[in-house]
């Protein structure tokens, strides 16, 4: 089970790097610094910009900067851009909603765990995981 998929992980790492930068940072510089493929990173940054987490400045001296404080960007918010709503388990059976969904004791336990995990992940923000030099 993956809580954070590769796109979300790359996005979180890129946001940390952008947050730590003093000025705008280009995709090319980010790609080199984070050792990520340029085209893949560019798509991730575009998605983050469309989600309102980044500002994109075009042109030769352009680049990216955070659209809001690093303290106000939780990793849950970032993951939601690439993964959708946080769900620990879908409770499906043969492609359909489980017929025992209302009485399933396992579902109740997993839902409780999911809420706890979500609450803890929501408390982790970009500022708290930036490598500060």
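For the reader, a short list of remarks on this structure follows.
- Candidates 68, 120, filtered to the one that is in a loop (DSSP other than H, G, I, E, B), under 22 Å from residue 9 (Cβ atoms) and either modelled with pLDDT of 85 or more or in contact with a strand residue (DSSP E or B) (Cβ under 8 Å, 6 or more places away or on another chain) (or both): 68
- There is at least one residue in region 4-11 that is outside any helix (DSSP H, G or I) and within 16 Å of the chain's Cα centre (by Cα).
- Taking (1) within 20 Å of residue 10 (Cβ to Cβ); (2) in contact with a helix residue (DSSP H, G or I) (Cβ under 8 Å, 6 or more places away or on another chain); (3) in contact (Cβ under 8 Å) with a residue 12 or more places away in the chain in turn, residue 26 satisfies each apart from (2).
- Region 29-43, subset without any contact (Cβ under 8 Å) to a residue 12 or more places away in the chain and in a loop (DSSP other than H, G, I, E, B), residue nearest to residue 7 (Cα to Cα): 37
- Test for residue 86: is it surrounded by 14 or more Cβ atoms within 10 Å (Cβ to Cβ) and outside any loop (DSSP other than H, G, I, E, B): no
- Taken together, 46, 109 contain a single residue that is outside any loop (DSSP other than H, G, I, E, B), closer than 20 Å to residue 7 by Cβ, free of Cβ contacts under 8 Å to residues at least 24 places away in the same chain and out of contact with any helix residue (DSSP H, G or I) (no Cβ under 9 Å at 6 or more places or on another chain), which is 46.
- Residue that is farther than 21 Å from residue 21 by Cα, surrounded by fewer than 10 Cβ atoms within 10 Å (Cβ to Cβ) and more than 14 Å from the chain's Cα centre (by Cα), where the choices are 94, 115: 94
The values are calculated or read from the model by the stated rules, or taken from the named source; none is laboratory data. This structure is a prediction, so every number in the text was calculated from the model and none was measured. Cβ sites come from the backbone with ideal geometry, for glycine too, and all protein chains shown count toward neighbours.
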